[in-house]
Structure formats: structure tokens, C-alpha cells
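**Student:** Right, I'll just put the structure down here and ask away after.
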């Protein structure tokens, strides 16, 4: 998919290809929408924020090809747009916002798992503390690198490593009963 994203970016940047832009939007919208919804707690506002970010992306499409990590760029843009929205609504500080952020992504891989097992796994992930859950999902589901997550959430790489380790360890413990074959050897696997 990464190669496909690069081609879409090229088509958008060089040829103003609206179909490629629509495909890019469809690819990123579900994750960004969940991310923003978890921050602003309002689905309609979340949809508008994501749409606004993509509108700005289209307006600046000639320079999009220079963005090295589009996923990180979009999540960062959505984060700051969400914070801006909340500041206007509630006058909150960024730390208060990111502490309360928790969300759920559904990846193509997750569709291969039975609904019952997926429910158990999502319950286990949702039982994690909000910040730990957010970091875990960004690393494991959005496949962002530790450095990217650290920059996105304005925390240290060490904090990201620690939170992923804690999340993995807790999930292994929670999932041992329903899934006796859960491998306990990958708790500390790094994604740097």
C-alpha cells in the first residue's frame, strides 16, 4: 500500500488528479476520523476537522510530494486542528486533551479475525489507560515509528517505548485466558 500511496501523491501533486485525491482521502479518513473523534468527542465536528485538513492538503497539493511521512503529517495536522477546536470551545491545554484521547481503528488485518475474537481484543485494548492505548494504537495499528509518535504527541521516545511495552505486557496477560496460545516473547519488540 505504501507504494500505492506514493503514486497517489505523485498524481495529486503533478497532475491535480482528483480521483487519486479521493482514493487517498478514503484510505486515511477512517483512522483520522477515529483519532479526531476521540479528541473532540463529537462525530460531526470530527468529520469537519478531517475534511478541513484534507481541504488544506488539496490547496497545497503541489508541495505534498515533499512530505516524507504523509500519515504522520495528517495525524499531526488533525491533532492541532482538534486542539484548536477544543481551545475555542473549552479553553483546554494540550496536555489535558492528549491525556483523554482514546480511539478505535479497524484495519484490514482486523477484518480477518472473527468478530468474537476481535471483540475480545478490542475490549483488552480499550481497557488500557487512555494515553497507553493511544500510543499503542498509533504504533501497532497506524504503524507509526516511535519517533513519529513521540513528535505527534509531544513526548519522549523513551515514553513511547515504555507505553508500548506496558500495553503489550497487559494485553498478553488479559488475552492469555481466551487465547491460551498467545506468544509472550514479543512484549519488548521495538519499532524504531
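**Student:** List, please: which pairs have Cβ atoms under 6 Å, are six or more places apart or on different chains, and start with a residue in segment 32-51 that is modelled with pLDDT under 95 and end with one that is assigned to a loop (DSSP other than H, G, I, E, B)?
**Tutor:** Matching pairs, first to second residue: 34/103; 34/104; 34/105; 35/103; 38/101; 38/102; 38/103; 39/101.
**Student:** Next question, about the same structure. Checking residue 89 against (1) closer than 22 Å to residue 33 by Cα; (2) modelled with pLDDT of 65 or more; (3) buried (at least 18 other Cβ atoms within 10 Å of the Cβ), which single condition isn't satisfied?
**Tutor:** (3)
**Student:** Just wondering, is there one or more residues in segment 70-80 that are surrounded by fewer than 16 Cβ atoms within 10 Å (Cβ to Cβ) and in contact with a helix residue (DSSP H, G or I) (Cβ under 7 Å, 6 or more places away or on another chain)?
**Tutor:** Checking segment 70-80: not a single residue is surrounded by fewer than 16 Cβ atoms within 10 Å (Cβ to Cβ) and in contact with a helix residue (DSSP H, G or I) (Cβ under 7 Å, 6 or more places away or on another chain).
**Student:** Looking only at segment 67-79, which residues are more than 12 Å from residue 35 (Cβ to Cβ), in a helix (DSSP H, G or I) and without any contact (Cβ under 8 Å) to a residue 60 or more places away in the chain?
**Tutor:** Within segment 67-79, 73 is the sole residue that qualifies.
The values are calculated or read from the model by the stated rules, or taken from the named source; none is laboratory data. Model, not experiment: these values are computed from the prediction. Every residue, glycine among them, receives a Cβ derived from its backbone with ideal geometry; neighbour counts consider all protein chains shown.
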